[in-house]
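Visitor: Handing you a structure now.
What follows is calculated from the coordinates using simple rules that are stated; it is not laboratory data. Please read all numbers here as calculations on a predicted model, not as lab measurements. Positions of Cβ are generated from backbone atoms using ideal geometry, with glycine treated the same way; all protein chains shown enter the neighbour counts.
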């Protein structure tokens, strides 16, 4: 996992140096630095509004939320949006170039900070230190073994009464021939994406996700199918709660 973590860090650091906004939201028409920063950041408000409504619909938490971890924060698009809905937000990412840009984006938000993750875990965060742990369009780019490890870490760092919400790809559709080929020949997929500076989409079994969280006594509140992995993959957003008396405000 250490080797895979280093490769992932290097890959996203390269993407963050060449075309960071497109690397986060890969609209073909925006490739090559064509994203307008204001327009790009505005998309984060819509995504976080969706997460916030999901949390309020299925849990006892209400806005403004407490302390939030934004896993895979990239350039700070969602961390900025979370900072408007919570007491504090901490973004974390494996790419130093993304973190540098995130610091610029969040410079006017005193309740928002970012950290570089240099290890294949979330050990830098104490147990039960966040009211909400959230991740969007990140875990789908993480190999299943590592994705399950991070999901277990989400549970560890969530406070009693808090929640973790994350989007992840749980299956491929028949038309995803590139994805099926990558699953059969992972070495070829790794070589291709390394040369092309692209990013691979992985599948993590829903049954394994449920089993891992059940072992940690996390309660499944909601699972919704979404469209964030395009038309060729099955993407779902999960919401789990950690039993307890509830986070303090």
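Visitor: Please list the three semi-axes, largest first and in whole Å, of the ellipsoid equivalent to the range 29-70, using sqrt of 5 times the eigenvalues of its alpha carbon gyration tensor.
Guide: Values: eigenvalues 169, 21, 12 Å².
For the range 29-70, the semi-axes come out at 29, 10, 8 Å.
Visitor: How do 28-39, 203-214, 65-76, 95-106 rank on mean C-beta neighbours within 10 Å, highest first?
Guide: Values: 28-39: 11.3, 203-214: 16.7, 65-76: 26.3, 95-106: 20.3.
Ranked by mean Cβ neighbours within 10 Å, highest first: 65-76, 95-106, 203-214, 28-39.
Visitor: Next question, about the same structure. Relative contact order for the range 1-107: what percent, with Cα pairs under 8 Å and sequence separation of 6 or more? Please report the intermediate quantities before stating the final value.
Guide: Numbers: 133 pairs, mean separation 30.5, N = 107.
Relative CO of the range 1-107 lands at 29 percent.
Visitor: Here's something else I'd like to know. Could you give me the percent of Cα pairs per 10 Å distance bin for the chain, shortest bin first, beginning at zero and ending with the bin that holds the maximum distance?
Guide: Over the chain, the share of Cα pairs per 10 Å bin runs 7, 32, 39, 19, 2 percent.
Visitor: Is the shape of the range 5-76 rounded, prolate or oblate, going by the alpha carbon gyration tensor and its root eigenvalues a ≥ b ≥ c, with a/c under 1.5 for rounded and a/b larger than b/c for prolate?
Guide: Details: a/c = 3.10, a/b = 1.69, b/c = 1.84.
Note, shape of the range 5-76 comes out oblate.
Visitor: Using only the Cα atoms of the range 1-132, build the gyration tensor, take square roots of its eigenvalues as a ≥ b ≥ c, and label the shape rounded, prolate or oblate: rounded if a/c is under 1.5, else prolate if a/b is larger than b/c, else oblate. Could you put the intermediate results ahead of the total?
Guide: Numbers: a/c = 1.88, a/b = 1.21, b/c = 1.55.
Here the range 1-132 falls in the oblate category.
Visitor: Taking R0 as 41 Å, what's the FRET efficiency between residue 25 and residue 214 from their Cβ-Cβ distance, rounded to 0.05?
Guide: Details: r = 33 Å, r/R0 = 0.81.
Efficiency, from the Cβ-Cβ distance: 0.80.
Visitor: How much length is gained on full extension from residue 6 to residue 103, taking 0.36 nm per residue of separation minus their Cα-Cα distance? Write down the numbers at each step before the final one.
Guide: Details: separation 97, 0.36 × 97 = 34.92 nm, distance 2.22 nm.
Length gained between residue 6 and residue 103: 32.7 nm.
Visitor: Find the relative contact order for the chain and round it to a whole percent, using C-alpha pairs within less than 8 Å whose residues are 6+ positions apart.
Guide: Worked out over the chain, it gives 18 percent.
Visitor: Multiply the residue separation of residue 207 and residue 223 by 0.36 nm, subtract the distance between their alpha-carbon atoms, and state the gained length in nm to one decimal. Numbers along the way, then the final one.
Guide: Values: separation 16, 0.36 × 16 = 5.76 nm, distance 1.22 nm.
Length gained, residue 207 through residue 223: 4.5 nm.
Visitor: So, one more: Starting from the Cα-Cα distance between residue 36 and residue 18, subtract it from 0.36 nm times their residue separation and give me the gain in nm to one decimal. Don't skip to the end; give the middle numbers.
Guide: Details: separation 18, 0.36 × 18 = 6.48 nm, distance 1.54 nm.
Length difference between fully extended and current span is 4.9 nm.
Visitor: Moving on to the next point. Run a plain Debye calculation on the range 84-155 (Cα atoms as equal point scatterers, no solvent) and give log10 I(q)/I(0) at q = 0.15, 0.20, 0.25 Å⁻¹, rounded to two decimals, same order as the q list.
Guide: -0.55, -0.99, -1.40
Visitor: Another one. When DSSP assigns beta bridges and you keep just the ones with both residues in the chain, what percent turn out antiparallel, to the nearest 5? Before the final figure, lay out the partial values.
Guide: On the way: 16 of 36 bridges.
The antiparallel fraction comes to roughly 45 percent.
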